[in-house]
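Reviewing the structure listed below.
The values are calculated or read from the model by the stated rules, or taken from the named source; none is laboratory data. Not measured: the values here are computed from a predicted model. Backbone-built Cβ (ideal geometry, glycine too); neighbour counts: all protein chains shown. Calculation scope for accessible area: heavy atoms of the full protein, side chains included, ligands and nucleic acids excluded. Shrake-Rupley method; radii C 1.70, N 1.55, O 1.52, S 1.80 Å.
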Amino acid sequence: MAGAAVSAAVIETPRLVLRDWSEADIAPFITHTNTPAVMRWLGGPLPEADIPDRLRARIMRWHGERGFTFWAVERKADKALLGFCGIKIADDAGSPVEGLYEIGWRLREDAWGQGYAKEAAIASLDFAFDRLGAPRVIALTVTGNRASWGLMERLGMTRRADLDYEGPAWAEGPIIVYEIEKAAWTAQRS
């Protein structure tokens with residue numbers, strides 16, 4: 001099973017910093033990402049009172065336990081919190097992807113269409129393969145979320161219909177799975 005702890009990381013790209021979360025990130029994250037547009041494929045906006053505890057219990061805890069998570073994504077130019085992107089261990093109990101390295105992202109709507117998600121995802125995949133030694137990384141979405149699976153394809157990920165599964169209650173339809181293996185990532189980055 002994947003998930004051995006690694007030393008904490010701050011990842012920089014030309015325009016972004018992927019970093020650990022702070023308490024100061026919670027309020028802007030709620031404001032900018034708990035919207036109908038951003039949460040469309042995730043079951044809709046969550047009760048705002050629940051979000052801080054969810055962030056602490058999952059995303060912030062993963063970093064402390066493993067040294068990696070769905071990191072806070074900050075734009076260098078103005079230090080704005082754009083959302084998150086990073087690597088975690090897939091944890092849908094009983095699913096065919098449970099225990100695998102998973103990449104994920106969620107950016108605020110005014111950051112869409114500017115290449116930030118791809119830039120952060122490339123850095124996250126580099127981290128997964130170079131620092132974590134992941135043999136492969138999966139990504140999850142739903143059929144209707146064309147923007148998300150479109151990015152997966154632009155990253156060189158391949159659809160794995162054989163790994164699709166009925167997802168959690170928030171998912172509109174089955175969870176669809178994309179995957180990239182280390183050798184394919186290395187080849188395309190050469």
Cβ-Cβ under 6 Å pairs, at least 6 apart or on other chains, region 133-145 side in a loop (DSSP other than H, G, I, E, B), far side open to solvent by less than 10 Å² (accessible area, probe 1.4 Å) and at pLDDT 95 or above
Ala134/Ala128; Thr143/Ile176
Can you pull out the residues in region 102-127 that are within 24 Å of Asp91 (Cβ to Cβ), part of a helix (DSSP H, G or I) and either of a type in the set (D, E, K, R) or under 12 Å from the mean Cα position of the chain (by Cα) (or both)?
Ala117, Ala120, Ala121, Ile122, Ala123, Ser124, Leu125, Asp126
Any pair with Cβ under 8 angstrom, 6 or more apart, that starts in region 42-61 at a residue that is within 18 Å of Trp105 (Cβ to Cβ) and ends at one that is open to solvent by 50 Å² or more (accessible area, probe 1.4 Å) and of a type in the set (Phe, Trp, Tyr):
Leu42/Trp170; Gly43/Trp170
Does any residue of region 31-40 turn out to be without any contact (Cβ under 8 Å) to a residue 40 or more places away in the chain, loosely packed, with under 14 Cβ neighbours inside 10 Å and aliphatic (A, V, I, L, M)?
no
If you take the residues of region 146-184 that are of a type outside the set (A, V, I, L, M), over 17 Å from the mean Cα position of the chain (by Cα) and assigned to a helix (DSSP H, G or I), which of them is surrounded by the fewest Cβ atoms within 10 Å (Cβ to Cβ)?
Asp162
Just to be sure before I move on: is Asp91 at pLDDT below 95 and surrounded by fewer than 17 Cβ atoms within 10 Å (Cβ to Cβ) in the structure I sent?
yes
Only one of Ala77, Ala24 is open to solvent by 50 Å² or more (accessible area, probe 1.4 Å), part of a helix (DSSP H, G or I), modelled with pLDDT of 90 or more and over 23 Å from Val137 (Cα atoms), namely Ala24
